[in-house]
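The values are calculated or read from the model by the stated rules, or taken from the named source; none is laboratory data. Keep in mind that what you see is a predicted model, and the values were worked out from it rather than measured. When we count neighbours, we look across all protein chains shown, and the Cβ atoms used for this are built from the backbone with ideal geometry, even at glycine. Surface accessibility is based on the protein's heavy atoms, side chains included, excluding ligands, DNA and RNA. Shrake-Rupley method; radii C 1.70, N 1.55, O 1.52, S 1.80 Å.
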Amino acid sequence: MASLTSIATPYPSSSQALRLKSAGNTLFSAGVRLSAMGSGQKTLKVRCTSTKPAAEVDWRSKRELLLEKRVRSVDVKEAQRLQKENNFVILDVRPEAEYKAGHPPGAINVEMYRLIREWTAWDIARRLGFAFFGIFSGTEENPEFIQSVEAKLDKEEAKIIVACSSAGTMKPTQNLPEGQQSRSLIAAYVLVLNGFKNVFHLEGGIYTWSKEGLPVETIED
């Protein structure tokens, strides 16, 4: 069974990925696609209903757009300086519960991914797809992400630093020649795709922010 951590994130763990590969199936952040093995069997495809789901765009294409739009990664101390001196806003795209447990002072929260909420036949099928792999709290791309951000921040004027738990990177390495995507980089991609002009990315994420001893706020229910 998946851990609580793996359930809360939009990506399968390494052990889950191996199980998916061996079963001939694919699980992705905005839904589940089950490709049955053997002849005469049907294929169940479950997808997020949001417009142009980011999960359906490969990371290489996302990265190319981020570089084209000059989305820059900043470390946590530079992010804190930009927030204090240049009116940058930290946009925390983690689930609300993680945001409440600890976030940079002044950060705003809009979830990039959320738990599947509806109980239509379609959504029940999606839940069953996740449950097939022992994941009982399946997530979906938040179809209201852009609308929620637009309600809080101006496309032309806002200066945004997008943050998630540990973040990914656009920097190439020997093992990851194209870097590695994350919730914050996917959110940055969606933002620039929808016309936001000044978008940065928090390298290392909230984990590194806390590890470096920078101030953190909590919200109690």
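First select every other residue whose beta carbon is under 15 angstrom from the beta carbon of Ala167; then total the charges, Lys and Arg +1, Asp and Glu -1.
+2
Residue by residue through region 194-207, what is 3J(HN,Hα) from phi via Karplus (6.51 cos²θ - 1.76 cosθ + 1.60, θ = phi - 60°)? Round to whole Hz and write x for glycine and proline.
Ordered by residue, 3J(HN,Hα) equals 9, x, 6, 9, 10, 10, 10, 10, 7, 5, x, x, 5, 4 Hz.
Give the aspartates and glutamates reachable from Lys211 as a straight Cα distance under 18 Å; neighbours fewer than 8 places away on the same chain don't count.
Asp75, Glu78, Asp92, Glu98, Glu203
Find out how many positive minus negative residues lie around Arg183, taking Lys and Arg as positive, Asp and Glu as negative, among other residues whose Cβ is under 11 Å from that of Arg183.
-3
Give me a comma-separated list of calculated 3J(HN,Hα) values for region 57-73, in order, Karplus coefficients 6.51, -1.76, 1.60 applied at θ = phi - 60°, integers in Hz, x for any Gly or Pro.
Karplus values, whole Hz, x for Gly and Pro: 9, 5, 4, 4, 5, 4, 4, 4, 5, 4, 5, 4, 8, 6, 6, 10, 8.
Multiplying the sequence separation of Asp154 and Arg70 by 0.36 nm and subtracting their Cα-Cα distance, what value in nm do you get?
28.4 nm is the gain from fully extending Asp154 to Arg70.
Could you give the nm distance between label points at Asn194 and Trp59, where each point is 7 Å from its Cα heading toward the beta carbon?
2.4
Got a number for the accessible area of Ile108? Probe 1.4 Å, square angstrom, nearest 10.
Near enough 40 Å² of accessible area.
Apply 1/(1 + (r/R0)^6) to the Cβ-Cβ distance of Glu220 and Gln180, taking R0 = 35 Å, and write down the FRET efficiency to the nearest 0.05.
Efficiency for this residue pair is about 0.55.
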